[in-house]
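Here the structure is laid out as structure tokens; the discussion comes afterwards.
Values in this text are rule-based calculations from the coordinates and carry no lab data. Keep in mind it's a predicted model, so treat the numbers as computed, not measured. Quick reminder, even Gly has a Cβ in these numbers, built from the backbone with ideal geometry, and neighbours come from all protein chains shown.
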Amino acid sequence: MRTVYVNGDYLPETEAKVSVFDRGFLMADGVYEVTSVLGGKLIDFGGHCKRLSRSLSELEMKNPLSDEEWLAIHRELVARNDITDGMVYLQVTRGNPGDRDFAYPADDVQPTVVLFTQSKPGLAESPVAKVGWKVISIPDARWARRDIKTVQLLYPSMGKMMAKKAGVDDAWFVEDGFVTEGTSNNAYIVKGNKIVTRALSNDILHGITRAAVLRFAKEAQFDVEERNFTIEEAQSADEAFITSASAFVMPVVEIDGKSLGNGTPGNAARRMREIYLEEMRKAAI
Ligand code: PMP
């Protein structure tokens, strides 16, 4: 049985409790982060801490813990649950005001803090990465503040189900004719030596993996273009891939039934996955 963290306590998962009045439960009024663990160490922990602070501040919530305290809890959970490869999930909600009300409660209501681990042995050696993902495109019906990492994930879940029903691995959201991102990842296309991905704005989540991969891509002498692209442009690209903290760099080999290149993972995606994993393992804490 897992040991989870709730508001200062480490508890068996069956004993962990959150109020029915918690605003995370009633209003999806909460934010989260997912940090990967490889070889028992945290990948890009600093990046996740920074984004957590930003998400909280955009929602006028105080960060209940310091970066050092967050790190200590992450490490304690990794140790207690004997995680070699996997993830640490962290969630902060606006807490339990004791009743249901749309307005934010007074400042003295304490946020709810929940963390748990997920064990995924061999996470970085995923056989799927050798085959790549197939994706479909679907309309982006999410709200307009996708830069905030909220727990309001119903439409991304619906998107994942649409993909599943279509027999593919994921869905890419399209808004005003342009790809925004995947259900839980950032989207890229590759043309020659050029890697293209949508620029940062409130339209997409500012991926922690995206930031690292773009940095490594420039160091590896790829040209990086941050701009919009359409599904048609993606379908005629040499290759495509997605990034996220748990999938790292995942090649995309088919978009709306159209194979890219010869239908196998492309060189840029394969190379960026290799570089990302190597560099991030070195920097893991
Ligand atoms: N976009 C969305 C909508 C996501 O949910 C995620 C994963 N949380 C990402 C992008 C990728 O972000 P990261 O690299 O920080 O995991």
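Structure summary
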{"read-out": "Aspartates and glutamates with Cα under 19 Å of K62, excluding same-chain neighbours fewer than 8 positions away", "value": "D22, D29, E33, D107, D108, D147"}
{"read-out": "Of E225, E125, E239, the one that fluctuates the most in a GNM where the chain has Cα springs shorter than 10 Å", "value": "E125"}
{"read-out": "Separation of alpha-carbon centers, segment 143-186 and segment 226-285, rounded to whole Å", "value": "17"}
{"read-out": "Cα-based shape type of segment 3-124, given that a ≥ b ≥ c are square roots of the gyration tensor eigenvalues and the cut on a/c is 1.5", "value": "prolate"}
{"read-out": "Gained length - E279 relative to E76, 0.36 nm times residue gap less alpha-carbon distance", "value": "70.7 nm"}
{"read-out": "Per-pair calculated FRET efficiency, R0 = 45 Å: K164 and D67 via Cβ, rounded to 0.05", "value": "0.75"}
{"read-out": "Max mean-square fluctuation residue, GNM over the chain, Cα-Cα springs under 10 Å, options Y89, Y104, Y32", "value": "Y104"}
{"read-out": "Average Cα contact separation per residue, the chain, under 8 Å, 6 or more apart, as relative contact order %", "value": "19"}
{"read-out": "Under 21 Å from the Cα of K191 - lysines, other chains or at least 8 residues apart", "value": "K130, K134, K218, K258"}
{"read-out": "Cα gyration tensor, segment 149-272 - rounded (a/c under 1.5), prolate or oblate", "value": "oblate"}
{"read-out": "Extension gain, A220 back to V174 (0.36 nm per residue minus Cα-Cα distance, nm)", "value": "13.6 nm"}
